[in-house]
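The values are calculated or read from the model by the stated rules, or taken from the named source; none is laboratory data. These numbers come from a predicted model, not from an experiment. Here Cβ is always computed from backbone atoms with ideal geometry, including for glycine, and neighbour counts include all displayed protein chains.
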Amino acid sequence: MLGRAASGLHRIDSALAFVDLCDVVRARPARGLSLTVSGPLAGAVRSLGAANYVLRAASELRERAGVTAGAALHLEKHIPPGAGLAGGTADGAAALRALGRLWGVSPRAAAMLAAASALGADGPACLESRPCWAGGVGADLTPMPAPVGHVVLVWPAIELATARVYAGWRGPGSRPAPRRGTLVQQHIARTTNDLERPAAELAPVVRRVRQALAAVPGARAVRMTGSGTAVFGLFDRRRDAEAAVRLLRRRRPRWWLCAASFLPGAAAAGAVRCGGGRSGSCRMRVRR
């Protein structure tokens, strides 16, 4: 965190990378906007209604691009909500990319970027969906070499609203981390997450999760993700990451755990498939 901009928004200095954990967003032509939800974590977001990031993104794009068409949207939910994994924002960004194909809005259109920015500071990065540094209020993006290796994600099944965590940050602001020639692993080793303190004040379990993951063989550079409450640890080998998940699952059966691998830059954007005519649809995989 670098402080606040004149607009009152927080200025960030973040590294964003993508792993092979994904939600799926589908869109097909319809008169109005609607959303259905499925998947193992559907219950956590089904009650959001119009506040769901997918519907928020669709409404923002339709208004800003002057679109009169609608869409029937479906979200298959696998990424934990309220965990600091940017799952909701990434869902919204995936909806924007799918609807851009459906409605004929260029991914580089001003309306598309404005709609992504309206989702939050990580909206533009999720729309780009490639490893990057994000600065300013989120729209200052610099390409970053795609990290290699594997990661374990641990979520204690406690949600935190991003706004509450940001509101608890008091500063002082950090200095921007060097970007040129810096790999994400080096960045993590040199920096801290300034939002961990306010997140841990709201949910002390964050510190216990960090300690538990840091004690697992092979784990390094253990940090809280985004605004929490999930924690990640880097692993050199996939089998070590999977062994860590098995070990922690035995010790903490109520925690959500996942072993994942970093994606190369070109793969992080997922895939869009569109059909033609009145029965056309778009399917977008969004990864975190």
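A few comments on the model shown:
- Check on residue 155, outside the structural domain of residue 224 (by TED's automatic domain parsing), within 16 Å of the chain's Cα centre (by Cα) and among the aromatic types (Phe, Trp, Tyr): no
- Residue 104 vs. criteria outside the structural domain of residue 257 (by TED's automatic domain parsing) and touching a residue at least 12 places away in the same chain (Cβ under 8 Å): no
- Condition check for residue 31 on (1) touching a Gly at 6+ places or on another chain (Cβ under 6 Å); (2) crowded, with 16+ Cβ neighbours inside 10 Å: one failure, at (2).
- When restricted to residues that are among the polar types (S, T, N, Q) and farther than 22 Å from residue 241 by Cα, the stretch 194-228 contains 1.
- Checked against (1) exposed (fewer than 14 other Cβ atoms within 10 Å of the Cβ); (2) assigned to a loop (DSSP other than H, G, I, E, B); (3) of a type outside the set (A, V, I, L, M, F, W, C); (4) modelled with pLDDT of 75 or more, residue 211 meets all criteria but (2).
- Pairs meeting the criteria (first residue in the stretch 40-54 and farther than 11 Å from residue 91 by Cβ, second residue of a type in the set (Asp, Glu) and assigned to a loop (DSSP other than H, G, I, E, B), beta carbons under 9 Å, at least 6 apart or on different chains) are 44/159.
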